[in-house]
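These notes are about the structure you will find just below.
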Amino acid sequence: MRCPGCSGMENKVIDSRLNKEGDVIRRRRECLSCSDRFTTYEKLERSLPLLIKKDGRREEFDREKIISGVRKACQKRPVSTKDIEDLVDRVEQYLQELGEKEIHAVKVGEKVIQEIYNLDDVAYVRFASVYRSFKDVNEFMVELKEVLKSKDSPNPPDQWQ
């Protein structure tokens, strides 16, 4: 690890701690050249499947794309950045548990929609209206009625089952 002060490569770890979730290690380091102290974070790099797009192209999973889309859907809603990051963490965990090397992007999109549904009604409708590309107001109203009807029950709409 290169020292941010002098760019020296020799340093020693003086303290290590796990975060609450146990998936990140925080390390305090001291440069052996200039004695500057700095912090590094170690996180497990997950191997996620390639996404197969509608046109057949393969693309790497991009966490930031999902965060961006969910953040847009949640604008001016009482949804925290942590809630959004937790949602994306659940999507990533789902993909890892599938154990596939490739997965259709539609399956990822449906998982995101399901997670948003459990997060915020308005954000769900916003995200679904873009993701599902409603052709007219009637399709939109059908989806909205389904949301209103299903909010009375603990299960999401049938199309996710």
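Summary of computed values
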quantity: Count - residues of segment 87-144 that are small (Gly, Ala, Ser) and more than 16 Å from the chain's Cα centre (by Cα); calculated: 4
quantity: Residue within segment 63-74 that is more than 18 Å from the chain's Cα centre (by Cα), in the same structural domain as ASP120 (by TED's automatic domain parsing) and either touching a residue at least 24 places away in the same chain (Cβ under 8 Å) or in a helix (DSSP H, G or I) (or both) present; calculated: no
quantity: Total residues in segment 75-126, condition of a type in the set (Gly, Ala, Ser) and in a helix (DSSP H, G or I); calculated: 3
quantity: Cβ-Cβ under 6 Å pairs, at least 6 apart or on other chains, segment 1-23 side in the same structural domain as CYS34 (by TED's automatic domain parsing) and on the phi > 0 side of the Ramachandran plot, far side in a loop (DSSP other than H, G, I, E, B) and aromatic (Phe, Trp, Tyr); calculated: none
quantity: Residue identified as of a type in the set (D, E, K, R), modelled with pLDDT of 90 or more and closer than 30 Å to ASP23 by Cα among GLU110, GLU59; calculated: GLU59
quantity: The lone exception for LEU95 - which of (1) exposed (fewer than 15 other Cβ atoms within 10 Å of the Cβ); (2) farther than 19 Å from ARG126 by Cα; (3) out of contact with any Cys (no Cβ under 9 Å at 6 or more places or on another chain) it fails; calculated: (1)
quantity: Close pairs from segment 110-131: first assigned by TED's automatic domain parsing to the domain that holds LYS65, partner aromatic (Phe, Trp, Tyr) and modelled with pLDDT of 90 or more, Cβ under 6 Å, at least 6 apart; calculated: LYS111/TYR94
quantity: Set LYS135, LYS145, LYS82, LYS151: member being at pLDDT 90 or above and not assigned by TED's automatic domain parsing to the domain that holds ASP23; calculated: LYS82
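The values are calculated or read from the model by the stated rules, or taken from the named source; none is laboratory data. Just so you know, these numbers come straight off a predicted model, no measurement behind them. Virtual Cβ from ideal backbone geometry, glycine too; neighbours counted across all protein chains shown.
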